[in-house]
Amino acid sequence: MRNWGSAVDGMSESAVGGLVSLAVSRRTVVAGLLATGVLLSLPGCATMGRPSTTDVIQRLLMLSSQRAFARLTQPDGFWDSAVARIDMPVLFGKSGGVAAKILQSQIFREKLQHRLNIIAEDGARAAAPLVERAVRGLTVSDALALLRGGNTAATTFLRQSMGPSLVNAMIPELGRAMTLAEDPILSQALKALTGVNVTDAAHALALGADNAIWYEIGAQEGEIRANPQSTNDPVLIAALKLL
């Protein structure tokens with residue numbers, strides 16, 4: 001059988017070397033264009049008002065977070081997510097007396113975990129506007145490094161800049177949701193734990209929801225980087241395709 005080989009089979013060493021140099025040079029040129037903003041003023045980007053590299057990061061994060069919250073706030077949004085399903089909070093793994101034995105039942109724990117993932121959807125609704133405001137006001141010292149930093153580089157930067165703000169915002173909302181739900185599964189679980197109240201449970205769930213939200217935003221960022229055409233945003237397409 002004939003071996004068709006690769007595109008470079010049969011080329012001289014100098015020809016192959018030329019292709020490598022061309023690829024390296026292309027990446028260098030692209031980086032320079034992004035850094036100076038020239039690339040983003042090329043046809044297809046000019047109508048967007050010559051956005052900066054920081055604007056590209058903001059666009060990337062805005063779309064990533066919008067997609068993430070749209071998914072998480074759907075019915076069973078956390079539960080059905082490949083990256084955002086919330087594990088049972090450590091709080092509900094505490095040992096206790098006879099009443100706490102209910103928490104050792106696998107069936108009960110699965111039902112409780114599902115209930116908590118549903119309640120977390122209310123937390124995501126409270127967190128969404130905070131993330132949007134943070135993205136709009138984002139200050140980036142080295143936007144090009146974030147753009148070239150990997151699948152979740154921008155999400156990681158945003159999370160670090162926001163600190164525990166999402167957790168703090170979600171605790172009261174989750175507490176209200178737990179109280180209003182009057183869920184018998186959750187009520188049994190809380191009664192089984194001595195000295196644990198709704199606020200404690202809300203805090204534990206907020207910590208899990210915080211991780212889940214950022215995981216989902218990061219996953220959406222990775223998908224956008226892999227397929228910028230799906231955004232229909234000429235700025236993102238131009239910037240991400242050439243990295």
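One table, with the values for the structure above:
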{"item": "Single residue of segment 216-243 satisfying the filter (among the β-branched types (Val, Ile, Thr) and closer than 30 Å to TRP79 by Cα) that is surrounded by the most Cβ atoms within 10 Å (Cβ to Cβ)", "result": "ILE217"}
{"item": "Among residues of segment 134-162, those that are outside any loop (DSSP other than H, G, I, E, B), more than 16 Å from the chain's Cα centre (by Cα) and modelled with pLDDT of 95 or more, counted", "result": "1"}
{"item": "Qualifying residue in segment 98-112 (condition: within 30 Å of THR53 (Cβ to Cβ) and either among the small types (Gly, Ala, Ser) or touching a residue at least 40 places away in the same chain (Cβ under 8 Å) (or both))", "result": "no"}
{"item": "Condition met for ALA143 (surrounded by 21 or more Cβ atoms within 10 Å (Cβ to Cβ), within 20 Å of GLN113 (Cβ to Cβ) and of a type outside the set (Asp, Glu))", "result": "no"}
{"item": "Filter result for PHE157 (of a type in the set (Phe, Trp, Tyr), more than 21 Å from SER52 (Cβ to Cβ) and either touching a residue at least 24 places away in the same chain (Cβ under 8 Å) or out of contact with any Phe, Trp or Tyr (no Cβ under 7 Å at 6 or more places or on another chain) (or both))", "result": "no"}
{"item": "Selected residue (criterion: surrounded by the most Cβ atoms within 10 Å (Cβ to Cβ)) from residues of segment 163-202 that are among the polar types (S, T, N, Q) and outside any helix (DSSP H, G or I)", "result": "ASN197"}
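The values are calculated or read from the model by the stated rules, or taken from the named source; none is laboratory data. Predicted model, so just to flag it, every value in this text is computed and none were measured. Note that each Cβ is placed from the backbone with ideal geometry, even for glycine, and that neighbours are counted across all protein chains shown.
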